[in-house]
Structure formats: C-alpha cells, structure tokens
Amino acid sequence: MFLSYLDNNATTPIAPEVAEVMQPYFHQLFGNPSSSHVKGTELGDAIEHARRHVALFLGANTDEVTFTSGGSESNNHVLKGVFLDRKQFLGGHLVISCFEHPAISQPAAYLESLGIEVTRVGCNAMGMVEPEQVKKSLRPDTRLVSIMHANNEIGAIQSIAEITELCHQRDILVHTDAAQSLGKVRVDVRELGVDFLTLAGHKIYAPKGVGALYIRSGVHLESLIHGASHESGVRAGTENTPYWIGLGEACRILSEADSQHIEELKAKRDLLFKRLSEAIPGLTVNGMYDDPAIDSARRLPNTLSVNFPRVIGGELLDATPSVCASTGAACHSGETRMSDTLTGIGLQPDVAQGTVRLSVGRTTTIEEVERGAADLIATWTALVTGNPVGDG
Ligand SMILES: Cc1ncc(COP(=O)(O)O)c(C=O)c1O
C-alpha cells in the first residue's frame, strides 16, 4: 500500500547522512570517552565537534549545550532542576501555558503535588499565549516561566522574546520547549533571550532518544541525574556517543539549509490545505490567520490542524489506513475528550471531534500530499454519504 506519512510533528525519519555518521561509533569507535587508553582517546573531540554543531544551530556557545536523552528529559530537567535546587529547595511559583506537552504539564503537576504553586495561562482563539496574560500571572515568588515555542498541534508560534523580556525585568527564569519549532522556523537563543531551551532529536531527523538542553551561561541548574562528572557535572551518564554525533549532524544539516527548505514545507502544507478545502465544504483550520504574512509569522509552516465536518477524526483516519496522521480529540462512549490545545482555543466539541493534525516534513513528497489528500477526501465523502469508498 502506498503510504502518505503526514505526521512529522510526531516524529521524522533519520536523515541518511545522520545514520551514516553514526555508524563507526557503534563498531570500531565504541570506546568510553572517559577512558584514558586508546579506545577512549581515539574518539578525540568528536563529541565536542557535535556539540559545536548543536550550539551553532541554536545560536548558543558550545559550553551552553548539554546532551540529553530527548525532549522529555530536557523539560523535566529544567522544571525539577529549578524547583528541587539544593540551595532553594521547593517553594515558589511556576507559570506554564494551558497547552504544554505532557513533558512539561506532568512534571509541573508533580511539582504541584509537592507544594509548588502552578499557574496555567490560557491562550486566545488562535492559540497565542498573550504576554500580557503571562505578566498578570507573575508573582513576587515566581521562579520560572515555561511556555512552548510552537504548539505541537496547531503550530501557533509564541511571542517568547516578549515574554522573556517581561520576566527578566523581574529576575524570573524563562524556559521554552522548542521541540516543534526547531528546523521549521528560525530559532536563536540570543534573540529569544531565554535561560533554557529544549531540543528533541527525533523531530529534526536525528534518532529518537537523544536531545539537548540549552542552559544560558551563568545560570545554575541542579542536576536531574546525579552521578559522575559527565557533561560538566550537569548530567551524569556515559556519553551516548553515536546518538550525540548523529544529533550534531542533524543540526549541521539544518543550520546549512537555506530558507528555501522552509518555503518547501509551506508549499507542501498549503497544497494539502488547497486540495482538502476545495473538496470538503465547511472544512476549517485551527490557528490560521487570513493575512498570509501574519500567518507565516505566527504558524509553523508544516502544520495543518483541520476540522473535518460531520465525521469523527479518529474514525476518518481508521478508515484511511494509507494516511498516517494524528487526531486532536478522542471520542469515548459518545463523549468527546479534547486535547488541552483544542480546549484552550475554545473549539466546540462537535467541531473538535473532526480534528486531524497533518504535518509535512523535509522528506514528504508531492505524491504523498496529493494521494494523501485524495484518500482523505474519498473516505470523508464515503462517511458522510454512507457510500463505501469506490462506489462512484
Ligand atoms: C513539544 C514537545 N515537547 C517534548 C516532546 C518530547 O520529546 P521526546 O519524545 O524526545 O521525549 C515532544 C514530542 O512529542 C513535543 O512535541
């Protein structure tokens, strides 16, 4: 069966160049980088070279990048590292948005169970967390604000630089989870001004199980994994050499790609929307602005969160096995349980039940877009007319 993989916000394939540079580190270059004998020393500065590529990609200094096991670890490290700091253990106030990924919302709930107060700031109908709302949520004891850079479901790009500025005026630390924005829009830690930033390898054509955490120079963060002095004492654990080398290569490829690749993502996403909207009356898009310039600035170029009318998104996808995509709401016993994002933007349950998230990537082909759109249209038509697909 021809498959249209339209779920690149869930994960991306490993780039062939990335898989290739990793290979020697599984076999001949298998040593422990801490060893003083030849199997350790022959690794040379391979890890530092990879770290340099990650740093360049983020606009950071090399010593501001810590390798991790992925986005979840980076996020947990920041939230727990700030609030479980041995010098200022627990206490204080945390601000997050209403639609953070579980890798933020769950550590926040855990901290809340330990007595930390947490404020969840809402968003507007376009999925934007308004800096003014963040400002209103700040308190004298606020220690950290963590707002994702781009929303994983509808692609809304947040005003992180503005949020950072108003937090720094009050000496409050700022973290952003950039797992979804990296590689899709410009991300530069100096422009954002943040103290911490999360990167997840498998969203940028590196393997799953690897990521990075940017920690601004001079900012102290308690370890999450205590142990030996790896990663300058910030994160213990023998270096995952092949994966870190792979992440460095993935970052190098994206740093060297010109802005054309973002235009290409957008062209594929827009073609998908064109095909669907031409064929399906009443189809709506979450978080899309009428003004194309504003839309480009505020919505990820690869993401299309669409509401199919009169059907349930999960049933539409189940009946279209040739298309790999995600839903935004789950329906159980006639009740629609919406994601935090769809709830946050105020979508009505009868609209949200038809939500499907389609996300293209660098490897998505026009054929995948065309055939994926055609298959979704055929299934939708069959579901609303009651005629099986292929019946004319
Ligand atoms: C916004 C966001 N943050 C964090 C994560 C978790 O990253 P990882 O799968 O590398 O732990 C994801 C992955 O789905 C994500 O979309």
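Nothing in this text is a laboratory measurement; each read-out follows from the coordinates by a stated rule. Bear in mind that the values here come from a model prediction, so they are computed numbers and not experimental data. Cβ atoms come from the backbone with ideal geometry, glycine included; neighbour counts cover every protein chain shown.
Part of a strand (DSSP E or B) and not hydrophobic (A, V, I, L, M, F, W, C), is that true of T176?
yes
Can you tell me which residue is nearest to E249 (Cα to Cα) among those in the range 15-44 that are under 29 Å from the mean Cα position of the chain (by Cα) and charged (D, E, K, R)?
Top of the filtered list is E17.
Spot the failing condition for V187; the list is (1) part of a loop (DSSP other than H, G, I, E, B); (2) under 24 Å from E130 (Cα atoms); (3) away from the ligand (no atom under 16 Å from the Cβ), and only one is missed.
Evaluating V187 over (1) part of a loop (DSSP other than H, G, I, E, B); (2) under 24 Å from E130 (Cα atoms); (3) away from the ligand (no atom under 16 Å from the Cβ) leaves (3) as the failure.
Is it fair to say D258 is assigned to a loop (DSSP other than H, G, I, E, B) and farther than 27 Å from V82 by Cα?
The answer is yes for D258.
Cβ contacts < 7 Å: first residue at positive phi, restricted to the range 44-61; second residue part of a loop (DSSP other than H, G, I, E, B), any location; separation 6+ or different chain. Result?
Correct list of pairs: G59/D188.
Determine whether E191 is surrounded by fewer than 16 Cβ atoms within 10 Å (Cβ to Cβ) and under 18 Å from A297 (Cα atoms).
Criteria met by E191.
Testing Y205 on (1) within 16 Å of the ligand (Cβ to nearest atom); (2) touching a strand residue (DSSP E or B) at 6+ places or on another chain (Cβ under 9 Å), one condition comes back false. Which one is that?
Of (1) within 16 Å of the ligand (Cβ to nearest atom); (2) touching a strand residue (DSSP E or B) at 6+ places or on another chain (Cβ under 9 Å), only one is false for Y205: (2).
Name every residue in the range 192-224 that is β-branched (V, I, T) and in contact (Cβ under 8 Å) with a residue 40 or more places away in the chain, in order of residue number. Show your work before the answer.
Within the range 192-224, the subset β-branched (V, I, T) is 194, 198, 204, 210, 215, 219.
If the condition is that a residue be β-branched (V, I, T) and in contact (Cβ under 8 Å) with a residue 40 or more places away in the chain, then T198, I204, V210, I215, V219 are the ones that fit.
Could you tell me whether any residue of the range 16-23 is within 16 Å of the ligand (Cβ to nearest atom) and in contact with a strand residue (DSSP E or B) (Cβ under 9 Å, 6 or more places away or on another chain)?
Taking the range 16-23 and keeping what is within 16 Å of the ligand (Cβ to nearest atom), we get 18.
Now restrict to residues that are in contact with a strand residue (DSSP E or B) (Cβ under 9 Å, 6 or more places away or on another chain): none.
Among the residues of the range 16-23, not one is within 16 Å of the ligand (Cβ to nearest atom) and in contact with a strand residue (DSSP E or B) (Cβ under 9 Å, 6 or more places away or on another chain), which makes the answer no.
Could you tell me whether the range 163-182 includes any residue that is within 16 Å of the ligand (Cβ to nearest atom) and at positive phi?
Scanning the range 163-182, I find no residue that is within 16 Å of the ligand (Cβ to nearest atom) and at positive phi, so the answer is no.
Confirm whether A125 is surrounded by fewer than 21 Cβ atoms within 10 Å (Cβ to Cβ) and among the hydrophobic types (A, V, I, L, M, F, W, C).
yes
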